[in-house]
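The values are calculated or read from the model by the stated rules, or taken from the named source; none is laboratory data. Computed from a prediction, not measured in an experiment: that's the story for all the values here. Ideal geometry is used to build each Cβ from the backbone, glycine not excepted, and the neighbour counts take in all protein chains shown. Each accessible area value is taken on the protein alone, full model and side chains, heavy atoms only, with ligands, DNA and RNA left out. Shrake-Rupley method; radii C 1.70, N 1.55, O 1.52, S 1.80 Å.
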Amino acid sequence: RLASARHCMVLTGAGISAESGIRTFRDTMEGLWKDFDPAALATQEGFDAAPALVTRWYDWRRLGCAQAQPNPGHIALAHIESALTGRGGAFDLFTQNVDGLHQRAGSRAVHEVHGSIARWRCTKTGREFDPGPEAFAEFPPPSPWGGLLRPGVVWFGEILPQEVLDRAEQVLDRCDVFLSIGTSSQVYPAAGFMELAAVRGAFVIEVNPMETPLTRTAEISLRGRAGEIMPRLAEAAF
Ligand code: OAD
(Lines give C-alpha, C1' and ligand atoms only; values in the text may rest on other atoms or scores of the structure.)
Protein backbone atom coordinates (compact mmCIF):
# COMPACT_ATOMS: atom_id res chain seq x y z
CA ARG A 1 0.00 0.00 0.00
CA LEU A 2 2.72 2.43 0.97
CA ALA A 3 4.90 1.54 -1.99
CA SER A 4 2.09 2.24 -4.43
CA ALA A 5 0.61 5.24 -2.59
CA ARG A 6 -0.14 8.33 -4.67
CA HIS A 7 -0.50 10.62 -1.68
CA CYS A 8 0.45 9.61 1.84
CA MET A 9 -0.82 11.64 4.79
CA VAL A 10 0.75 11.14 8.20
CA LEU A 11 -0.36 12.30 11.64
CA THR A 12 2.13 11.95 14.46
CA GLY A 13 1.79 12.49 18.19
CA ALA A 14 3.98 12.52 21.26
CA GLY A 15 4.63 8.74 20.99
CA ILE A 16 6.98 9.16 18.02
CA SER A 17 9.26 11.35 20.13
CA ALA A 18 9.09 9.12 23.22
CA GLU A 19 12.18 7.20 22.09
CA SER A 20 14.01 10.54 21.80
CA GLY A 21 13.43 10.99 25.52
CA ILE A 22 10.57 13.50 25.27
CA ARG A 23 7.72 12.74 27.61
CA THR A 24 4.27 12.01 26.21
CA PHE A 25 1.12 13.54 27.72
CA ARG A 26 -1.24 10.71 28.58
CA ASP A 27 0.78 7.54 29.10
CA THR A 28 -0.08 6.17 32.52
CA MET A 29 3.47 5.98 33.81
CA GLU A 30 5.36 8.71 31.96
CA GLY A 31 2.69 11.14 30.76
CA LEU A 32 3.26 14.83 31.55
CA TRP A 33 -0.41 15.34 32.40
CA LYS A 34 0.02 12.88 35.28
CA ASP A 35 2.43 15.27 37.02
CA PHE A 36 1.26 18.62 35.67
CA ASP A 37 -2.17 20.22 35.38
CA PRO A 38 -3.07 21.02 31.76
CA ALA A 39 -5.63 23.63 32.87
CA ALA A 40 -2.90 25.53 34.74
CA LEU A 41 -0.16 25.18 32.15
CA ALA A 42 -1.77 24.88 28.74
CA THR A 43 -4.50 27.52 28.72
CA GLN A 44 -4.67 31.31 28.36
CA GLU A 45 -6.28 31.44 31.83
CA GLY A 46 -3.36 29.54 33.35
CA PHE A 47 -0.90 31.92 31.69
CA ASP A 48 -2.82 35.00 32.88
CA ALA A 49 -2.93 33.65 36.44
CA ALA A 50 0.72 32.55 36.67
CA PRO A 51 2.81 33.73 33.70
CA ALA A 52 6.14 33.10 35.45
CA LEU A 53 5.27 29.47 36.23
CA VAL A 54 3.85 28.78 32.78
CA THR A 55 6.76 30.30 30.85
CA ARG A 56 9.30 28.59 33.08
CA TRP A 57 7.63 25.23 32.37
CA TYR A 58 7.63 25.78 28.62
CA ASP A 59 11.21 27.03 28.65
CA TRP A 60 12.26 23.85 30.50
CA ARG A 61 10.49 21.76 27.87
CA ARG A 62 11.91 23.91 25.03
CA LEU A 63 15.48 23.23 26.15
CA GLY A 64 14.71 19.51 26.53
CA CYS A 65 13.41 19.39 22.96
CA ALA A 66 16.46 21.24 21.67
CA GLN A 67 18.76 18.68 23.32
CA ALA A 68 16.80 15.65 22.06
CA GLN A 69 17.80 13.90 18.84
CA PRO A 70 15.52 12.48 16.15
CA ASN A 71 15.11 8.70 16.51
CA PRO A 72 14.74 5.96 13.85
CA GLY A 73 10.96 6.62 13.68
CA HIS A 74 11.47 10.25 12.61
CA ILE A 75 14.23 9.25 10.21
CA ALA A 76 12.15 6.50 8.59
CA LEU A 77 9.40 9.05 7.86
CA ALA A 78 11.91 11.31 6.14
CA HIS A 79 13.01 8.32 4.02
CA ILE A 80 9.43 7.45 3.14
CA GLU A 81 8.83 11.04 2.05
CA SER A 82 11.87 11.15 -0.21
CA ALA A 83 11.09 7.72 -1.70
CA LEU A 84 7.49 8.68 -2.44
CA THR A 85 8.16 12.14 -3.78
CA GLY A 86 11.16 10.82 -5.74
CA ARG A 87 8.85 8.68 -7.82
CA GLY A 88 6.20 11.35 -8.31
CA GLY A 89 4.01 10.66 -5.27
CA ALA A 90 2.99 13.19 -2.65
CA PHE A 91 3.54 13.21 1.09
CA ASP A 92 2.29 15.46 3.88
CA LEU A 93 3.20 15.06 7.53
CA PHE A 94 0.97 16.65 10.15
CA THR A 95 2.39 16.60 13.63
CA GLN A 96 0.85 17.48 16.95
CA ASN A 97 4.38 17.68 18.35
CA VAL A 98 5.99 21.02 19.04
CA ASP A 99 9.55 19.64 19.28
CA GLY A 100 10.81 20.20 15.71
CA LEU A 101 12.29 16.67 15.51
CA HIS A 102 10.64 15.80 12.18
CA GLN A 103 12.28 18.79 10.50
CA ARG A 104 15.62 17.93 12.08
CA ALA A 105 15.28 14.34 10.79
CA GLY A 106 14.93 15.70 7.25
CA SER A 107 11.17 15.68 6.70
CA ARG A 108 10.20 18.53 4.39
CA ALA A 109 6.41 18.79 4.17
CA VAL A 110 5.82 19.18 7.91
CA HIS A 111 2.69 20.93 9.15
CA GLU A 112 2.71 21.82 12.84
CA VAL A 113 -0.84 21.41 14.07
CA HIS A 114 -0.07 22.61 17.61
CA GLY A 115 2.65 25.13 16.80
CA SER A 116 6.28 25.06 17.89
CA ILE A 117 7.91 25.35 21.28
CA ALA A 118 11.00 26.93 19.67
CA ARG A 119 9.17 30.02 18.38
CA TRP A 120 7.71 32.36 20.97
CA ARG A 121 5.60 35.42 20.38
CA CYS A 122 4.82 38.80 21.85
CA THR A 123 1.51 39.02 23.71
CA LYS A 124 1.12 42.64 22.61
CA THR A 125 2.03 42.58 18.92
CA GLY A 126 1.88 38.88 18.04
CA ARG A 127 5.37 39.15 16.52
CA GLU A 128 7.47 36.00 16.60
CA PHE A 129 10.57 35.77 18.72
CA ASP A 130 13.42 33.23 18.51
CA PRO A 131 14.66 32.66 22.08
CA GLY A 132 18.03 31.20 20.97
CA PRO A 133 19.88 28.34 22.65
CA GLU A 134 19.92 29.60 26.26
CA ALA A 135 17.19 29.63 28.89
CA PHE A 136 15.39 32.93 29.33
CA ALA A 137 17.01 35.15 31.95
CA GLU A 138 13.73 36.06 33.67
CA PHE A 139 10.19 34.74 33.95
CA PRO A 140 7.87 35.71 32.47
CA PRO A 141 10.24 36.84 29.72
CA PRO A 142 9.59 40.43 28.65
CA SER A 143 8.97 40.98 24.95
CA PRO A 144 11.18 43.47 23.09
CA TRP A 145 7.93 45.02 21.78
CA GLY A 146 6.42 45.80 25.15
CA GLY A 147 4.31 42.81 26.20
CA LEU A 148 5.39 39.42 27.48
CA LEU A 149 6.67 36.46 25.51
CA ARG A 150 4.56 33.31 25.36
CA PRO A 151 5.36 29.99 23.70
CA GLY A 152 4.14 29.56 20.12
CA VAL A 153 2.14 26.45 20.97
CA VAL A 154 -1.61 25.98 20.73
CA TRP A 155 -3.24 25.89 24.14
CA PHE A 156 -6.52 24.21 25.05
CA GLY A 157 -9.38 26.44 23.90
CA GLU A 158 -7.30 28.10 21.16
CA ILE A 159 -7.86 27.69 17.45
CA LEU A 160 -5.41 25.79 15.30
CA PRO A 161 -3.37 27.60 12.63
CA GLN A 162 -5.78 28.17 9.73
CA GLU A 163 -3.23 27.40 7.00
CA VAL A 164 -2.55 24.01 8.59
CA LEU A 165 -6.26 23.19 8.79
CA ASP A 166 -6.73 24.29 5.18
CA ARG A 167 -3.88 22.09 4.03
CA ALA A 168 -5.24 19.15 6.05
CA GLU A 169 -8.61 19.56 4.38
CA GLN A 170 -6.97 19.44 0.92
CA VAL A 171 -4.78 16.46 1.74
CA LEU A 172 -7.64 14.53 3.37
CA ASP A 173 -9.45 14.75 0.06
CA ARG A 174 -6.49 13.39 -1.89
CA CYS A 175 -4.63 10.91 0.31
CA ASP A 176 -4.94 7.20 -0.39
CA VAL A 177 -2.79 6.05 2.56
CA PHE A 178 -3.04 7.54 6.05
CA LEU A 179 -0.58 6.73 8.82
CA SER A 180 -1.40 7.58 12.44
CA ILE A 181 1.71 7.22 14.58
CA GLY A 182 2.15 7.60 18.34
CA THR A 183 -0.99 9.53 19.15
CA SER A 184 -3.67 8.64 21.70
CA SER A 185 -6.28 9.97 19.23
CA GLN A 186 -8.10 11.87 21.95
CA VAL A 187 -7.46 15.50 21.08
CA TYR A 188 -9.60 17.00 18.34
CA PRO A 189 -9.59 18.26 15.68
CA ALA A 190 -6.30 16.42 14.93
CA ALA A 191 -7.73 13.06 16.03
CA GLY A 192 -10.55 13.56 13.54
CA PHE A 193 -8.12 13.47 10.60
CA MET A 194 -7.89 9.70 10.89
CA GLU A 195 -11.67 9.27 10.90
CA LEU A 196 -12.10 11.63 7.95
CA ALA A 197 -9.35 9.88 5.99
CA ALA A 198 -11.05 6.52 6.54
CA VAL A 199 -14.47 7.86 5.55
CA ARG A 200 -13.01 9.35 2.38
CA GLY A 201 -11.51 6.02 1.40
CA ALA A 202 -7.87 6.13 2.47
CA PHE A 203 -6.16 2.97 3.68
CA VAL A 204 -5.50 3.72 7.36
CA ILE A 205 -2.57 2.29 9.31
CA GLU A 206 -2.06 2.94 13.02
CA VAL A 207 1.31 2.53 14.76
CA ASN A 208 1.07 2.48 18.55
CA PRO A 209 2.02 0.04 21.31
CA MET A 210 -1.44 0.54 22.82
CA GLU A 211 -4.98 0.43 21.57
CA THR A 212 -6.59 3.85 21.05
CA PRO A 213 -10.23 4.95 20.74
CA LEU A 214 -9.70 4.99 16.95
CA THR A 215 -7.88 1.68 16.52
CA ARG A 216 -10.98 0.16 14.98
CA THR A 217 -10.94 2.86 12.29
CA ALA A 218 -7.60 1.50 11.04
CA GLU A 219 -7.35 -1.28 8.47
CA ILE A 220 -4.06 -2.31 10.02
CA SER A 221 -2.90 -1.72 13.56
CA LEU A 222 0.83 -2.21 14.08
CA ARG A 223 1.38 -2.65 17.81
CA GLY A 224 4.81 -1.51 18.81
CA ARG A 225 7.17 1.40 19.14
CA ALA A 226 7.50 3.81 16.26
CA GLY A 227 11.30 3.60 16.43
CA GLU A 228 11.11 -0.13 15.72
CA ILE A 229 8.08 -0.35 13.42
CA MET A 230 8.71 2.64 11.13
CA PRO A 231 12.17 1.59 9.85
CA ARG A 232 10.78 -1.88 9.09
CA LEU A 233 7.81 -0.37 7.29
CA ALA A 234 10.06 1.94 5.27
CA GLU A 235 12.36 -0.94 4.39
CA ALA A 236 9.53 -3.23 3.38
CA ALA A 237 7.91 -0.57 1.23
CA PHE A 238 10.92 0.82 -0.64
P1 OAD B 1 -0.54 11.38 24.14
O2 OAD B 1 0.42 11.45 25.29
O3 OAD B 1 -1.97 11.63 24.41
O4 OAD B 1 -0.42 9.94 23.47
C5 OAD B 1 0.81 9.36 23.15
C6 OAD B 1 0.56 8.06 22.45
O7 OAD B 1 1.82 7.53 22.04
C8 OAD B 1 -0.11 6.98 23.29
O9 OAD B 1 -1.21 6.43 22.59
C10 OAD B 1 0.99 5.94 23.51
O11 OAD B 1 0.50 4.62 23.56
C12 OAD B 1 1.83 6.15 22.28
N13 OAD B 1 3.25 5.78 22.42
C14 OAD B 1 4.04 5.78 23.52
N15 OAD B 1 5.29 5.40 23.23
C16 OAD B 1 5.31 5.16 21.89
C17 OAD B 1 6.32 4.74 20.97
N18 OAD B 1 7.58 4.50 21.37
N19 OAD B 1 5.97 4.61 19.67
C20 OAD B 1 4.70 4.84 19.26
N21 OAD B 1 3.72 5.23 20.08
C22 OAD B 1 4.01 5.40 21.37
O23 OAD B 1 0.04 12.35 23.00
P24 OAD B 1 -0.72 13.00 21.75
O25 OAD B 1 -1.70 12.06 21.17
O26 OAD B 1 0.33 13.57 20.88
O27 OAD B 1 -1.50 19.17 22.88
O28 OAD B 1 -1.48 14.18 22.46
C29 OAD B 1 -2.19 15.09 21.68
C30 OAD B 1 -2.07 16.47 22.27
O31 OAD B 1 -2.44 16.46 23.64
C32 OAD B 1 -0.67 17.04 22.29
O33 OAD B 1 -0.29 17.63 21.06
C34 OAD B 1 -0.75 18.05 23.38
C35 OAD B 1 -1.51 17.28 24.42
O36 OAD B 1 -2.23 18.03 25.32
C37 OAD B 1 -1.10 20.41 23.13
O38 OAD B 1 -0.12 20.66 23.80
C39 OAD B 1 -1.96 21.45 22.48
Computing the accessible area with a 1.4 Å probe over protein heavy atoms, can you report the carbon and sulfur percentage for the chain? 53
Would you list the P(r) distribution for region 3-45, with all Cα-Cα distances sorted into 10 Å bins from 0 and each bin expressed as a whole %? 24, 35, 24, 13, 4
One checks the Cα atoms of region 1-125 and finds Rg and Dmax, in Å, of 16.5, 52
Rounded to two decimals, what is the ratio between the C-alpha radius of gyration of region 63-190 and 2.2 N^0.38 Å? 1.19
5 angstrom amide H check on Ser143, placed H, neighbours 5+ away: Leu148, Leu149
Please list, in order, the residues from region 80-97 whose amide nitrogen is less than 19 Å from a point placed 7 Å along the Cα→Cβ vector of Arg167. 80-86, 88-97
Return the long-range amide H neighbours of Arg119 (sequence gap of 5 or more, or a different chain), with a cut-off of under 5 Å between placed amide H atoms. Gly152
Mind checking the per residue accessible area of region 1-125 for me, 1.4 Å probe, whole number of Å²? 44
Please report, to two decimal places, log10 I(q)/I(0) for region 93-139 at q = 0.14, 0.18, 0.22 Å⁻¹ as given by the Debye formula with identical point scatterers on the Cα atoms and no solvent. -0.43, -0.66, -0.88
Along each of its three principal axes, how wide is the spread of alpha-carbon positions in the chain, in whole angstrom units, largest first? 52, 36, 31
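Suppose the chain between Gln186 and Gln69 were pulled fully straight at 0.36 nm per residue; how much longer would it get relative to their current alpha carbon spacing?
Working: separation 117, 0.36 × 117 = 42.12 nm, distance 2.62 nm.
Length gained, Gln186 through Gln69: 39.5 nm.
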What do you get when you divide the Cα radius of gyration of region 135-193 by 2.2 N^0.38 Å, with N the number of residues? 1.62
